[in-house]
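These notes are about the structure you will find just below.
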Amino acid sequence: MSASSDVPVTTRRHLTVLLSGLAVNPCAEPEVLVRLAAADIDRTKLTRRHDLPAQAAVILAGDEDADLRSELAAHPRLPAEAQRVLARDVDPRVRGRLAEGAEYFTTVGVHGLDVPEPLSPEVYEVLARDPEPKVRRALALNRNLPDTLRARLLDDGDARTAAIAATEWNPAPAARIGALLARATGTFARELLLLRLDGPLPPEAARVLLAEIDSAEDPTRHVGLLRRIAATADLDAARDHRPGADLTDRFLTDPRLRAAVAANPTLAVQHVMALAHDPDNEVRAAVVARRGLDPVLRESVSVAYDDRSGGNAAEWLLDEELSESDQVAFARSRHQVFRKTLAMRSDLCEEAVAILAGDESFAVRLFVCERQPDAPGWLLARVAADWKSYSRWDMLAHKNFPADAATALARSDDPRDRVVAAAHPGLPWETIEALLADDTDHVRTRAATNPSVPSHRLMALLTSDDPAVLAGAAANRTLPVVTMYQVLDQAGL
C-alpha cells in the first residue's frame, strides 16, 4: 500500500506520536501490530495487548530492552513462540515474570481478575530447571503449573521454592507440611507457608513451631506467626488433654490469638458458641465469618464493620455453590462481610443485585458497581459522582452507565471527572469539542479517542500540532484501517 497525502506528516515527532497512538488502538489489525513491533517508539503498551499476534510477540521477545521483554513476559495470553524465547532470556527478571503467570485486575467496564493461560509444557520444563532460585520460586507461584512439576519442586534444593510449591497446590500436601516448615527459615517464610495452607496444620508441626517461638529471644516478634498457627492447627487431632498439650486452651487464653482461633475450622462447637458472645468485636467477626456456621446463630451475633475497610471478606463465599434463594439470603444478611463478599461474585441473580444495589454500606454498593455486569445505571452514576479511585474508569465504561451522567462529569470543574468521562460515546458533540480544547493534556487525549467524533473531524485531528490530541486521534477505534497503513508507510515500517 503506497503512502498517501491524506495524512500529512510534517515532523518526525508528529509521526512518532501517531505510531504510539496506533499501538493502543483497539481496532488495529494484526499486520499493523506486527509492523509497529519494529517501530522506534515506546512499545510497552503494545506488549499488553490481548490481541498481540505471535509474529509481533516474537519480535518484541528479541528486543534489546530488558524492561520491554519483562513487560512482555507478564502477558497473560503470550503465544508459545514468544514463551520459548523468553524462557531462555539472559535476564532472570524476565524469566521470573514469565514463570509466575501473575493474575491482574482488568478495567474494561467490569472490574475483575484476568487469569493467565497456562504456559506450554516445554516452557514449564525449562523454567523448572532454571539455575536461578528466584525464577523457580516464581514458577512455584504459577497456579497453572502441572502437578508433576509441582511435586518435583517440593524437593527443590531451595527451601523457599519448596514451601511456595506446597502452598500454591490445591489442596496443599498437608502430610508434608511439617517437613517443609522444618526446612523453612525465618518467620516470614513460615507465615507464608501457613497463610497459603489449604487444610489443617498437623498438631505435631504446630507444637514444634510453638516450642521454637517460646524459646526465641523475643517471642513477641512472632505474633503474626502465632496467629497463623492458631488459625490453621488441627485442634480436633490435638485435643488429647495432656497437661500443657491442648493447643486450644493455649490459643484461647492468649488475647492476641482469640480472633485467629475463632476462625479455625477445626475448633470445637462449644468454643465457637462461647466466642460468639466474646466482648471483642474482632473475635465475634471471626466467628460470624466461619463457613458452615448455623444461620440462626450467625444472625444473632452483633458485629460492627468498617465500611471503608479493604478487608472483611468471607473468601469461601466466593466459590460456594449458591442457589438464588441462598444468594438472596446472604444479600439480606445483617452482616456486611457477606453482603460485601457476595457483591464480588459475577453470577448473581437479578433480585440479589437489586438488594445489594440499595445496601446501606457504601462498600457493598461500590462492589456492585465494580463487579456486576448488570449494575443499575442510577447506582453507577451515583457512586461515580463521588468516588475518585481508578475504578471510576470501569464505571464510565460500563454498558449501563447513563449518557446524561457522563455529560455532567464531562462538564465538571474537576479534571479527574472530565478525563474519565471524555471517551463516553454518549457525550453530545459540543461537549466533546470543549474537551478537545481542555487545559489538561489527558482530557484532550481521551476526548480524541471518543468514538462519537465525526469521521471528517477525526481526520482533521490527525493533523493537529497538539501531541495530546494527535495521540488520542490515532488511538480512536473508528480510525479507518487504510489510514493506519498510510501512517505505517510514511514511517517506512
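For the chain, the fraction of 1.4 Å probe accessible surface lying on carbon and sulfur atoms is 52 percent. Karplus-based coupling profile of the stretch 18-28, in residue order and whole Hz: 4, 5, 5, x, 4, 4, 10, 5, x, 9, 5, with θ = phi - 60° in 6.51 cos²θ - 1.76 cosθ + 1.60 and x standing for Gly or Pro.
Taking amide H as placed 1.01 Å from N in the peptide plane, LEU201 has its amide H under 5 Å from the amide H of ALA233, ASP234, each at least 5 places away in sequence or on another chain.
What longest region of the chain stays clear of GluC sites (Glu not before Pro) that DSSP places outside H, G, I, E and B and that have at most 15 other Cβ atoms within 10 Å?
Answer - 361-493.
The angle between the Cα long axis of helix 223-232 and the main principal axis of the chain comes to about 80°, on a 0 to 90 degree scale. Tilt of helix 362-371 relative to the longest C-alpha principal axis of the chain, in degrees (0 to 90, nearest 10)? On a 0 to 90 degree scale, this one is about 60. In the context of the full set of protein chains, the stretch 337-493 has a per residue accessible area of 40 Å² (1.4 Å probe). Placing a pseudo-label 7 Å from each Cα along the Cα-to-Cβ vector at LYS399 and TRP316 gives an inter-label distance of 3.5 nm. Spatially close Lys pairs in the chain, defined by Cα atoms under 28 Å apart and a spacing of eight or more places or different chains, total 6.
Close amide H pairs (under 5 Å, H built 1.01 Å from N) link HIS111 with ARG371, residues at least 5 positions away or on another chain. Pairs of C-alpha atoms in the stretch 36-128 farther apart than 16 Å represent 50 percent of all such pairs. Taking the square roots of 5 times each eigenvalue of the Cα gyration tensor of the chain, largest first, gives ellipsoid semi-axes of 50, 32, 16 Å.
Across the stretch 277-294, coupling constants 3J(HN,Hα) worked out from phi with the 6.51/-1.76/1.60 Karplus curve, θ = phi - 60°, read 10, 5, x, 7, 4, 5, 5, 4, 5, 5, 5, 4, 7, 5, 6, x, 5, 4 Hz, and Gly and Pro carry x.
The values are calculated or read from the model by the stated rules, or taken from the named source; none is laboratory data. The shown structure was predicted, so the numbers you read here are calculated from the model rather than taken from an experiment. Neighbour counts run over all protein chains shown; Cβ positions are idealised from the backbone, glycine included. For the accessible areas, the whole protein counts, side chains as well, though only heavy atoms, and no ligand, DNA or RNA atoms are used. Shrake-Rupley method; radii C 1.70, N 1.55, O 1.52, S 1.80 Å.
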